[in-house]
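S.K.: Before I ask anything, here is the structure I am working with.
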Amino acid sequence: MVKPKILCWDLETSSLNANGGFIIAASIVDVATPTKVYRSFRVDDYAGWADDPWHDRDLVRDLVGTLGEADTWVTYYGKRFDLPFLNTRIVFWRGKKQKIDHLENVPHIDLYDTAKRRLKLHSNRLQVVSDLLGHGDKTPLQLPTWIKAAGGHKPSIQYIAEHCDKDAIILAKNYLSLRPLVVAHPHIGLLGGGRSSESCPVCGSRHLQRRGTYTTPASVRQRLWCKKCGKWSSTPYKEDKLIKLEKSGGLGPA
């Protein structure tokens, strides 16, 4: 089975509004290697920046291309900020007749929604979730540093890029801990070319254990528990199919 590419990504921007700001840095982490950055982007790495610190065209183009490699995205508050901001920058540059593709239609998990709906915290900030799970602290980002970076100060851009990298790594670690709680998670088994009934929907493990059945208004379903990540799932109850899976080693004893 092909291993799906799940990419966690984060933006650092010069403003909260993309029609009056630009992307300073972006970081992407592949959850297959959650302790290191898969790709990072800084606005000052591109030609044109020296003459215009707001010139994020090539960063946007490269970021769009890399995000298009993903089977699934993971962000934190990304459906409300990062994704709309990036979409706006794409539209801005396309309006200037620049050749930048729109983002592909990739399944998107916003871990903020999981924290808000499935946990009860005094705050739903990523740092609070990370404290709860023991995945480390985000680096502080002071307003003067942010202002200097927006004005083209390279040491400040460097600091913000490193801050962005660390945020993406912390996001990946928190995602791996919280994925059993994610609602409507894309089925990893299907993304990898396998069958949904033979693997955990969120981590892809085949180490599933039968935990009885339950009845819906329309059918009887087999309750399954993943030994690797703890995710509960279910599949249509078919006795002959379960026996076949047990013989192949896919399911553990009830």
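S.K.: Can you give me the number of residues within region 150-189 that are among the polar types (S, T, N, Q) and farther than 12 Å from Leu133 by Cβ?
M.R.: The total comes to 2.
S.K.: Can you spot a residue in region 164-176 that is assigned to a loop (DSSP other than H, G, I, E, B) and among the polar types (S, T, N, Q)? Break it down into steps so the answer makes sense when it comes.
M.R.: Initially, region 164-176 is screened for residues assigned to a loop (DSSP other than H, G, I, E, B), giving none.
Within region 164-176, none of the residues are assigned to a loop (DSSP other than H, G, I, E, B) and among the polar types (S, T, N, Q).
S.K.: With the structure loaded, tell me whether Arg94 is on the phi < 0 side of the Ramachandran plot, surrounded by fewer than 18 Cβ atoms within 10 Å (Cβ to Cβ), among the charged types (D, E, K, R) and assigned to a helix (DSSP H, G or I) or whether it fails that test.
M.R.: Values: on the phi < 0 side of the Ramachandran plot: yes; surrounded by fewer than 18 Cβ atoms within 10 Å (Cβ to Cβ): yes; among the charged types (D, E, K, R): yes; assigned to a helix (DSSP H, G or I): yes.
The answer is yes for Arg94.
S.K.: Pairs only if they're at least six apart or on different chains, beta carbon under 6 angstrom, first in region 143-167 and closer than 12 Å to Val43 by Cα, second surrounded by fewer than 16 Cβ atoms within 10 Å (Cβ to Cβ); list them, first residue then second.
M.R.: Nothing qualifies.
S.K.: Exactly one condition in (1) out of contact with any strand residue (DSSP E or B) (no Cβ under 9 Å at 6 or more places or on another chain); (2) touching a residue at least 40 places away in the same chain (Cβ under 8 Å); (3) loosely packed, with under 15 Cβ neighbours inside 10 Å is not met by Ile100; state its number.
M.R.: That leaves (3) as the condition not met.
S.K.: Being surrounded by 14 or more Cβ atoms within 10 Å (Cβ to Cβ) and over 21 Å from the mean Cα position of the chain (by Cα) is the filter here, so list the residues in region 107-159 that pass it.
M.R.: Leu141, Thr145, Trp146, Lys148, Ala149, Ala150, Gly152, His153, Ser156, Ile157, Gln158, Tyr159
S.K.: From the list Ala18, Ala32, which one is among the small types (Gly, Ala, Ser) and free of Cβ contacts under 8 Å to residues at least 60 places away in the same chain? First the steps, then the outcome.
M.R.: Numbers: Ala18 fails: free of Cβ contacts under 8 Å to residues at least 60 places away in the same chain.
None of the other options fit; the residue is Ala32.
S.K.: Are there any pairs, at least 6 apart or on different chains, whose C-beta atoms fall under 6 Å, with the first in region 110-124 and part of a loop (DSSP other than H, G, I, E, B) and the second buried (at least 18 other Cβ atoms within 10 Å of the Cβ) and at pLDDT 95 or above, and if so, which?
M.R.: So the pair list comes out as Asn124/Ala115.
S.K.: If you don't mind, there's one more thing I want to ask. State all residues of region 125-140 that are touching a residue at least 40 places away in the same chain (Cβ under 8 Å) and part of a loop (DSSP other than H, G, I, E, B); if no residue qualifies, say none.
M.R.: Selection gives His135 alone.
S.K.: Given the conditions (1) touching a Lys or Arg at 6+ places or on another chain (Cβ under 7 Å); (2) buried (at least 21 other Cβ atoms within 10 Å of the Cβ); (3) of a type in the set (D, E, K, R), and given that Asp10 satisfies all but one, which numbered condition is not satisfied?
M.R.: Unmet condition: (1).
The values are calculated or read from the model by the stated rules, or taken from the named source; none is laboratory data. Predicted model, so just to flag it, every value in this text is computed and none were measured. Heads up, the Cβs are rebuilt from the backbone with ideal geometry, glycines too, and the neighbour counts pull from every protein chain shown.
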